[in-house]
1. Out of curiosity, is Leu178 at positive phi and within 18 Å of the chain's Cα centre (by Cα)?
2. Considering segment 50-59 alone, what residues qualify as being open to solvent by less than 80 Å² (accessible area, probe 1.4 Å) and part of a loop (DSSP other than H, G, I, E, B)?
3. With respect to Gln74, determine if the residue is open to solvent by less than 30 Å² (accessible area, probe 1.4 Å) and in contact (Cβ under 8 Å) with a residue 60 or more places away in the chain.
4. Could you grab me the full set of residues in segment 20-32 that are open to solvent by less than 10 Å² (accessible area, probe 1.4 Å), within 16 Å of Val128 (Cα to Cα) and either hydrophobic (A, V, I, L, M, F, W, C) or not assigned by TED's automatic domain parsing to the domain that holds Lys145 (or both)?
5. From the residues in segment 173-196 that are open to solvent by 40 Å² or more (accessible area, probe 1.4 Å) and not charged (D, E, K, R), which one is farthest from the ligand (Cβ to nearest atom)?
6. Looking at Ala147, Ala205, which one is outside the structural domain of Ser247 (by TED's automatic domain parsing) and small (Gly, Ala, Ser)?
7. Keeping to segment 114-145, report how many residues are without any contact (Cβ under 8 Å) to a residue 60 or more places away in the chain and open to solvent by 50 Å² or more (accessible area, probe 1.4 Å).
Amino acid sequence: MIIKCVEQLKNIRGETASLGFVPTMGYLHEGHVSLIKKARQENDQVVVSVFVNPTQFGPNEDIETYPKNIERDQAMAVSAGADYVFYPHISTIYPEGASTYVTVEGPIANILCAKSRPDHFKGVTTVVNILLNMVQPDRVYFGQKDAQQAILIQKMARDLHMPVDVVVCPIVREYDGLALSSRNVHLTREERKQAQCLYQALQDAKNLVKSKDQKAADLVQVMKNRINHKPLVNIDYVEIREARDLSPVTVVKAHPDSHKVSLALVAAWVGKTRLIDNMFLNEE
Ligand code: AMP
């Protein structure tokens with residue numbers, strides 16, 4: 001069932017023992033479906049939101065061409081176990097005159113995707129705050145695919161004592177390893193083929209760590225070499241950081257302490273489409 005207003009959300013919250021929430025920008029795929037299924041398992045009722053949030057797009061980014069299909073989204077969400085699809089009008093989320101933003105400060109907010117998308121995370125943390133205030137779930141579900149986003153939101157929830165559990169779910173991939181993304185529909189056939197190198201680069205690094213400790217800089221070079229072989233793929237960043245808080249890493253241990261797991265992260269332009277991916281390198 002599609003709902004559009006906050007009154008309806010209040011009724012759902014009032015009647016439900018435990019409520020799970022999956023925020024999305026729509027054009028759902030199996031990655032979103034995995035979050036909805038997890039929410040279904042852990043809660044009495046599940047709300048999925050579909051909202052292409054303008055404040056997280058920069059001036060020259062792809063909000064105009066972001067793919068949309070609410071009928072298909074509704075059918076997919078319901079068949080994955082959603083009870084409600086919250087599909088708000090922009091004025092419901094940002095009433096006229098709204099001018100309050102929530103930002104996470106510190107090193108984590110200035111690295112990786114934040115470098116090439118300066119106000120992106122400010123838009124994300126603000127809209128997630130607004131949506132959480134509206135839905136008031138017990139648990140909210142995010143994908144590891146957007147690793148920096150997931151860590152920022154966990155931090156925000158902790159820092160602001162928000163009464164919600166932030167659950168992070170594994171990346172769902174295509175048959176050849178490409179991480180599912182709503183933006184993959186923009187890829188031409190040749191771009192789609194070459195995009196596979198992002199997963200292969202991450203897998204190269206992971207394989208090297210299996211046998212022995214590795215310098216992070218060496219692994220980054222191996223990954224860049226793999227990606228640079230593909231003429232349609234242009235690197236934005238390739239980095240290795242601590243999975244827990246994205247702090248810098250110099251040596252990736254083959255057998256780390258559990259809190260010292262390393263994460264390789266990539267962002268690249270494939271033609272005109274910017275894709276991101278990441279992989280834990282040394283998880284047991
Ligand atoms: P989006 O609609 O792209 O804003 O994504 C909504 C949620 O789905 C975010 O928490 C994403 O991290 C998550 N997500 C997107 N792609 C995947 C994927 N391939 N596997 C798992 N989760 C994903």
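The values are calculated or read from the model by the stated rules, or taken from the named source; none is laboratory data. As the structure is a prediction and not an experimental result, all values here were calculated from the model. So basically every Cβ, Gly included, is an ideal-geometry build from the backbone, and we count neighbours across all protein chains shown. Only protein heavy atoms, including side chains, enter the accessible area calculation; ligands, DNA and RNA are left aside. Shrake-Rupley method; radii C 1.70, N 1.55, O 1.52, S 1.80 Å.
1. No.
2. The answer is Phe51, Val52, Asn53, Phe57, Gly58.
3. no
4. Matches in segment 20-32: Phe21, Val22.
5. Thr188
6. None of the others qualify; the one that does is Ala147.
7. Going through segment 114-145 one residue at a time, the tally reaches 1.
Residue by residue, here is whether (1) crowded, with 16+ Cβ neighbours inside 10 Å; (2) small (Gly, Ala, Ser) holds:
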{"residue": "Ser34", "(1), (2)": "yes, yes"}
{"residue": "Gln45", "(1), (2)": "yes, no"}
{"residue": "Glu64", "(1), (2)": "no, no"}
{"residue": "Asp83", "(1), (2)": "yes, no"}
{"residue": "Leu112", "(1), (2)": "yes, no"}
